[in-house]
Amino acid sequence: MSLRIVVCVKYVPDATGDRHFADDLTLDRDDVDGLLSELDEYAVEQALQIADEADDAEITVLTVGPEDAKDALRKALSMGADKAVHVEDDDLHGTDVIGTSLVLAKAVEKTGYDLVICGMASTDGTMGVLPALLAERLGVPQVTLLSEVSVDGGTVKGRRDGDSASEQLEASLPAVVSVTDQSGEARYPSFKGIMAAKKKPVESLDLEDLEIEADEVGLGGSWTAVDSAAERPARTAGTIVKDEGEGGKQLAEFLAGQKFI
Amino acid sequence: MAEVLVYVDHVDGAVRKPTLELLTLARRIGEPVAVALGNGAADTAAALAEHGAVKVLTADAPEFADYLVVPKVDALQAAYDAVSPAAVLLPSSAEAKEIAARLALRIGSGIITDAVDLEAGDQGPVATQSAFAASYTTKSRVSKGTPVITVKPNSVAVEAAPAAGAVESLAVSFSATATGTKVLSRTPRESTGRPELTEAAIVVSGGRGVNGAENFAIIEALADSLGAAVGASRAAVDAGWYPHTNQVGQTGKSVSPQLYIASGISGAIQHRAGMQTSKTIVAVNKDAEAPIFDLVDYGVVGDLFDVVPQLTDEVKSRKG
């Protein structure tokens, strides 16, 4: 039987661009380029490797986001995923992580899955809790923050490197996995891959398709509220000296003046 | 007065500093009730009482160590049901954030992660967060349910505030999903004897300019002279010169020490995201145009192989 892998990916503003908040204190998407979150490329890569090892596997990439988010799906398809699902609905604007986990859980269930793979965090919100929420919603094991992952039959195994220890984990499928940037460099799409991606199916779903009410998501359905967002004042210019042989001593003098020594 | 649940991060009963910071913040909102789980849970009571815990709820069972995350969610939910708190605070460790998220969903509450400050407000606790690689500061609150908030290390100075710290045993019944993910083995990280990166008052980091694993010895020597933790940029980690657990930046640790010393680090956005909120920033770099110099309080344009050892010697002689 085919191993059904769903990779959840996010379309994010380029972290090297100038990111801002819009007037409603959601992300301003107009003034910055978007792309597939770098950390989700690792998830796509691990899905491809697991699929290679399996006798028969199908990889679906799933995203929730505006029209432009298709770019993220195309990138994942050009890397080698088989098909894509795009959840798009005007009522989703401003959805928080709890709401996003609801939409993803419904979409994953509708698609059918044995294994869900996520990146460790998004590069914009950076919360890193979505995979855990997804596992809670789906009622399946959470095998998260893996630096190494493998699937053997109906079992997923992996290594989770924590602050105080490194753990070997194991769970039965179906399961939700997240992988870190240590799991292995993501491949670049080949020219052939880019061409093939144009012909791969991208299914569009809206809230009605997923039987989600508009007030369960969006800014209004959010369980958190951002009251203000202020640009951090630029740090005041410091003292820069050129090392003429005494640079280390000058630095020590500064640190002593600040009572660090 | 309303009670505030504080999830205790401890190693075999030794309470880690971020938990004491949480107790300090919790007292702004209400009376801290600590929840300590696993081996040595009851041994945490003295330190927690010293810092304001009126009660310490403890539970120990093999499940906490043998299975990932969910048993702890079950226990924290049991504590939530028993106390009906005004808020639940957890440290922003990878595991505690996952526990926080699952608890929030179960109790129908919003979640805020990685707060750097917390104040009482008319509509509940107000959390300060850094966004977009710390280029923005936001104020947020949970608008539904009981606020579940995780707080980054080094967000507040620890204050002692002795309280009763009465130990009570917490009854936990594990959910059907508790045993879903088995921990087959656990290899503790070898101690370097240096402070924990995210908790350290001073961090000394090396980047591409360090140019080799063996050269990190001079970064470590400076760190040891200052009693600091050692960090590394992604470039240095990707090159295999230093372990990933020490990586500072967007995909590594985010640190906010009193003093951050960047050596041979250009200061790309990816790195700045993890250290920009440090109180005092110092850099040594050969390239006068490196973006890191836009952030510094004091910068030395020069060869780190000259400047850093000289600084280390000077620190040692001044400390005598």
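The values are calculated or read from the model by the stated rules, or taken from the named source; none is laboratory data. Since the structure is predicted, the reported quantities are computational estimates derived from the model, not experimental observations. Note that we place each Cβ from the backbone using ideal geometry, even for glycine, and neighbour counts take in every protein chain shown.
Residue-by-condition table, conditions (1) facing chain A (nearest Cβ under 9 Å); (2) closer than 28 Å to A:K242 by Cβ; (3) at pLDDT 95 or above; (4) out of contact with any Pro (no Cβ under 6 Å at 6 or more places or on another chain):
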| residue | (1), (2), (3), (4) |
| --- | --- |
| B:G231 | no, yes, yes, yes |
| B:A236 | no, yes, yes, yes |
| B:Q250 | yes, no, no, yes |
| B:S254 | yes, no, no, yes |
| B:I265 | no, yes, yes, yes |
| B:S278 | no, yes, no, no |
| B:A288 | yes, yes, yes, yes |
| B:F293 | yes, yes, yes, yes |
| B:V296 | yes, yes, yes, yes |
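Give the residues of the stretch A:159-176 that are in a strand (DSSP E or B) and over 24 Å from B:V248 (Cα atoms), sorted by residue number. Spell out how you get there, then give the answer.
As a first pass, look at the stretch A:159-176 and keep what is in a strand (DSSP E or B): A:159-161, A:165-172, A:175-176.
The answer is A:Q168, A:L169, A:E170, A:A171, A:S172, A:A175, A:V176.
For the stretch B:226-254, filtered to residues that are within 14 Å of the chain's Cα centre (by Cα) and in a helix (DSSP H, G or I), the residue that is surrounded by the most Cβ atoms within 10 Å (Cβ to Cβ) is B:N246.
Within the stretch A:106-134, how many residues are acidic (D, E) and in contact with a Pro (Cβ under 8 Å, 6 or more places away or on another chain)? Steps first, please.
So in the stretch A:106-134, the residues acidic (D, E) come out as A:109, A:114, A:124.
Now restrict to residues that are in contact with a Pro (Cβ under 8 Å, 6 or more places away or on another chain): A:114, A:124.
Residues flagged as acidic (D, E) and in contact with a Pro (Cβ under 8 Å, 6 or more places away or on another chain) within the stretch A:106-134 amount to 2.
Matching residues to (1) at the interface with another protein chain (Cβ under 10 Å from one of its Cβ atoms); (2) touching a residue at least 40 places away in the same chain (Cβ under 8 Å); (3) buried (at least 24 other Cβ atoms within 10 Å of the Cβ):
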site: B:Y80; (1), (2), (3): no, yes, no
site: B:L89; (1), (2), (3): no, yes, yes
site: B:E98; (1), (2), (3): yes, no, yes
site: B:R106; (1), (2), (3): yes, no, no
site: B:L118; (1), (2), (3): no, yes, yes
site: B:T138; (1), (2), (3): yes, no, no
site: B:R141; (1), (2), (3): yes, no, no
site: B:P147; (1), (2), (3): yes, yes, yes
site: B:T150; (1), (2), (3): yes, yes, yes
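Residues in the stretch B:178-197 that are surrounded by 15 or more Cβ atoms within 10 Å (Cβ to Cβ), in a loop (DSSP other than H, G, I, E, B) and in contact with an Asp or Glu (Cβ under 8 Å, 6 or more places away or on another chain): B:A178, B:T179, B:R194, B:E196. Among the residues making up the stretch B:210-225, those that are out of contact with any Phe, Trp or Tyr (no Cβ under 7 Å at 6 or more places or on another chain) and surrounded by 23 or more Cβ atoms within 10 Å (Cβ to Cβ) are B:I219, B:L222, B:A223. Among the residues making up the stretch A:221-249, those that are more than 7 Å from chain B (Cβ to nearest Cβ) and either without any contact (Cβ under 8 Å) to a residue 40 or more places away in the chain or aliphatic (A, V, I, L, M) (or both) are A:P233, A:A234, A:T236, A:A237, A:E244, A:G245, A:E246. Residue-level check: of (1) basic (K, R); (2) away from every other protein chain (no Cβ under 12 Å); (3) farther than 20 Å from A:T100 by Cα, A:R19 misses just (2).
Residues in the stretch A:118-136 that are more than 7 Å from chain B (Cβ to nearest Cβ) and over 10 Å from the mean Cα position of the chain (by Cα): 2 in all. Could you check, for the stretch B:309-316, whether at least one of its residues is more than 10 Å from chain A (Cβ to nearest Cβ), of a type outside the set (S, T, N, Q) and buried (at least 21 other Cβ atoms within 10 Å of the Cβ)? No, the stretch B:309-316 has no match at all.
To keep it simple, each residue is scored yes or no on (1) farther than 27 Å from B:A82 by Cβ; (2) polar (S, T, N, Q).
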position: B:I149; (1), (2): no, no
position: B:T187; (1), (2): yes, yes
position: B:V203; (1), (2): yes, no
position: B:A239; (1), (2): yes, no
position: B:N246; (1), (2): yes, yes
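When we screen A:D18, A:D52, A:D23 for residues that are without any contact (Cβ under 8 Å) to a residue 40 or more places away in the chain and assigned to a helix (DSSP H, G or I), the only hit is A:D52. Looking only at residues of the stretch A:148-171 that are more than 8 Å from chain B (Cβ to nearest Cβ) and of a type in the set (G, A, S), we find that the one that is surrounded by the most Cβ atoms within 10 Å (Cβ to Cβ) is A:G158.
Restricting to the stretch A:152-172, name every residue that is within 21 Å of the chain's Cα centre (by Cα) and among the aliphatic types (A, V, I, L, M). Scanning the stretch A:152-172 gives a single hit, A:V156.
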